[in-house]
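First comes the structure, then the notes that go with it.
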Amino acid sequence: MDQHYTPEEFARSIVNGLICRAPRRAADFAAGEGALLSAIRERWPKTYLAATDLSRLAVKKLRQRFRNAKAEQCNFLDESSRKRVCFLGAAHKKFSLIFLNPPFSNRGGGKCPVTLGDESIACSPALAFVIASLRYLSRRGRLIAILPSSCLTSQRDSSALTEILKSHDVQLLCDRKDVRFGKCSVEVVVVAISRREGLTSAGAFRIGLSKMRGGIKTQLTKNSISVSVFRGTVQMAPPPRTVTSGGIPLVHTTHLKSRSVEISRMIEVAHASTSGPMILLPRVGRPNIDKTCLYLSDARIALSDCVIAIRFNSAAAAKLVFSLLISNERLLLGSYGGCCAKYLTLAGLSVMLRSLGIITEVCRVDQASTDSAAKVA
Ligand SMILES: C[S@@+](CC[C@H](N)C(=O)[O-])C[C@H]1O[C@@H](n2cnc3c(N)ncnc32)[C@H](O)[C@@H]1O
């Protein structure tokens, strides 16, 4: 049942690092022995605490340890079990802080089904736990989760993460860190998730540019520049037909060299195309910072489905974010997941960019710009 409890010191360092007012109501839905609740209580003694856990014994101990807190036995991944918990009922107030170190594994090792809004999703148990918890988060509340780092990089979790990103902001509080949970050591990330306030990417972007001064990172963070990220669509197996005239350049991972784009091959114009200013990255292959390329031209290009684009509506912003990525090489290359063949997911890239202060919209190649020139040719 994944009883790998969080070291008290680690829980404390996360809670003490949060910049926020004392939450009125806080919860841990996989509370175990209460390491996370204890860190919350230490910092904010007056906060109301609620807990659930699958284990009856854990709940009994929680009730003894936190005398004025609510603790109930519940299989949190089962909606009917959650409905039996009184403080999770519709009539009850939501939580301004939810702090989780959810179970990382399940018995069958398969995906867990869960719903977010009207969407049915299947993902790892850890992310399913996070998604199931989001409905109990107050409008301005924050959910903090200690997750296996694979939640941000794996294909298994990428569609669930993309779904979360549509309505929530996901911020990386702690990038990959090896933590000992009892006898095992796991590489984890700590994320903060909050509901997104309705801000369009184009609007946020304009504010960003008009006010940009001083240090790049500070300014990007302050102004929340937003951009679109998408994946190319030209399939390379079998490779598209090369044409000698009247075509558009194809950009595949082999054309990303020494931080710039080599244009060498033309294909039929019927393929979806896009234009700069963009940063292009390989979606698959050994992570290599020199394959992070700036493409500023407004000449249209078609991207292979092995290439990911980050598109901007200003060359200045593209250049700033490019230099930010180059100077955060470890963070960028660490966003690639997979054991043998490494790959980057749009959701993983978005979370990494968010940690640098850049809010992105995940979209299709034909939705990647606010201007008509960027639509499919
Ligand atoms: C990784 S431990 C974390 C405990 C605690 N939050 C901490 O950080 O120390 C996960 C806890 O989730 C509980 N658990 C496992 N599956 C669960 C489920 N479906 N619903 C609720 N709790 C569950 C386990 O009993 C265990 O106490």
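The values are calculated or read from the model by the stated rules, or taken from the named source; none is laboratory data. Everything quoted here is computed from the prediction, not taken from an experiment. Cβ sites come from the backbone with ideal geometry, for glycine too, and all protein chains shown count toward neighbours.
Of the residues that sit in the range 315-337 and are touching a helix residue (DSSP H, G or I) at 6+ places or on another chain (Cβ under 6 Å) and of a type outside the set (A, V, I, L, M), which one is farthest from LEU281 (Cα to Cα)?
GLY337
Let me spell it out: the conditions are (1) at pLDDT 95 or above; (2) part of a strand (DSSP E or B); (3) surrounded by fewer than 17 Cβ atoms within 10 Å (Cβ to Cβ), and THR115 meets all of them except one. Which number is the exception?
Status for THR115: all satisfied but (1).
Looking at (1) buried (at least 22 other Cβ atoms within 10 Å of the Cβ); (2) at pLDDT 95 or above, which one does ARG135 not meet, given that it meets all the others?
(1)
Can you name the condition, by its number, that LYS46 falls short on among (1) on the phi > 0 side of the Ramachandran plot; (2) more than 11 Å from the ligand (Cβ to nearest atom)?
Every listed condition holds for LYS46 apart from (1).
State all residues of the range 78-99 that are within 16 Å of the ligand (Cβ to nearest atom) and within 24 Å of GLU8 (Cα to Cα); if no residue qualifies, say none.
PHE95, LEU97, ILE98, PHE99
Which residue pairs have Cβ atoms under 9 Å apart, sit 6 or more places apart or on different chains, and have a first residue in the range 75-97 that is free of Cβ contacts under 8 Å to residues at least 40 places away in the same chain and within 14 Å of LEU54 (Cβ to Cβ) and a second that is away from the ligand (no atom under 16 Å from the Cβ) and assigned to a strand (DSSP E or B)?
none
Using the structure shown, decide if SER149 is within 15 Å of LEU97 (Cα to Cα) and in contact (Cβ under 8 Å) with a residue 24 or more places away in the chain. Spell out the reasoning first.
Working: within 15 Å of LEU97 (Cα to Cα): no; in contact (Cβ under 8 Å) with a residue 24 or more places away in the chain: yes.
For SER149, the condition - within 15 Å of LEU97 (Cα to Cα) and in contact (Cβ under 8 Å) with a residue 24 or more places away in the chain - is not met.
Could you list, ordered by first residue, the pairs with Cβ atoms under 9 Å in which the first is in the range 48-62 and without any contact (Cβ under 8 Å) to a residue 60 or more places away in the chain and over 18 Å from CYS86 (Cβ atoms) and the second is more than 9 Å from the ligand (Cβ to nearest atom) and assigned to a strand (DSSP E or B), at least 6 apart or interchain?
Between residues of the range 48-62 that are without any contact (Cβ under 8 Å) to a residue 60 or more places away in the chain and over 18 Å from CYS86 (Cβ atoms) and residues that are more than 9 Å from the ligand (Cβ to nearest atom) and assigned to a strand (DSSP E or B), the close pairs are ALA58/ALA71; LYS61/ALA71.
Could we say that ALA22 is more than 16 Å from the ligand (Cβ to nearest atom) and either out of contact with any Gly (no Cβ under 6 Å at 6 or more places or on another chain) or touching a residue at least 40 places away in the same chain (Cβ under 8 Å) (or both) here?
Yes; evaluated as a whole, the condition is true for this residue.
If GLY32 passes every condition in (1) within 14 Å of the ligand (Cβ to nearest atom); (2) in contact with a Lys or Arg (Cβ under 8 Å, 6 or more places away or on another chain); (3) outside any helix (DSSP H, G or I) but one, which one does it miss?
Just one mismatch for GLY32, condition (2).
Is it true that ARG41 is under 22 Å from ARG140 (Cα atoms), of a type outside the set (S, T, N, Q) and away from the ligand (no atom under 16 Å from the Cβ)?
On the way: under 22 Å from ARG140 (Cα atoms): yes; of a type outside the set (S, T, N, Q): yes; away from the ligand (no atom under 16 Å from the Cβ): no.
Against the criterion (under 22 Å from ARG140 (Cα atoms), of a type outside the set (S, T, N, Q) and away from the ligand (no atom under 16 Å from the Cβ)), ARG41 does not qualify.
Residues are listed down the side, and each one gets a yes or a no for (1) crowded, with 17+ Cβ neighbours inside 10 Å; (2) at pLDDT 95 or above:
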| position | (1), (2) |
| --- | --- |
| PHE10 | yes, yes |
| VAL15 | yes, yes |
| ARG21 | no, no |
| ALA31 | yes, yes |
| LEU37 | yes, yes |
| GLU42 | no, yes |
| LEU57 | no, yes |
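For the range 146-166, does any single residue satisfy the condition of being in a loop (DSSP other than H, G, I, E, B) and within 16 Å of the ligand (Cβ to nearest atom)? Full working, then the answer.
Step one: of the range 146-166, the residues in a loop (DSSP other than H, G, I, E, B) are 149, 154.
Filter again for within 16 Å of the ligand (Cβ to nearest atom), leaving 149.
Yes, that holds for at least one residue.
Determine if the range 60-77 includes at least one residue that is part of a strand (DSSP E or B), within 11 Å of the ligand (Cβ to nearest atom) and under 24 Å from GLU9 (Cβ atoms). Quick ask: steps written out before the conclusion?
Just the residues of the range 60-77 that are part of a strand (DSSP E or B), to begin with: 70-73.
Going one step further and asking which of them are within 11 Å of the ligand (Cβ to nearest atom), we end up with 72-73.
Subsequent filtering for residues that are under 24 Å from GLU9 (Cβ atoms) retains none.
Scanning the range 60-77, I find no residue that is part of a strand (DSSP E or B), within 11 Å of the ligand (Cβ to nearest atom) and under 24 Å from GLU9 (Cβ atoms), so the answer is no.
Among the residues of the range 111-125, which ones are hydrophobic (A, V, I, L, M, F, W, C) and more than 16 Å from the ligand (Cβ to nearest atom)?
LEU116, ILE121
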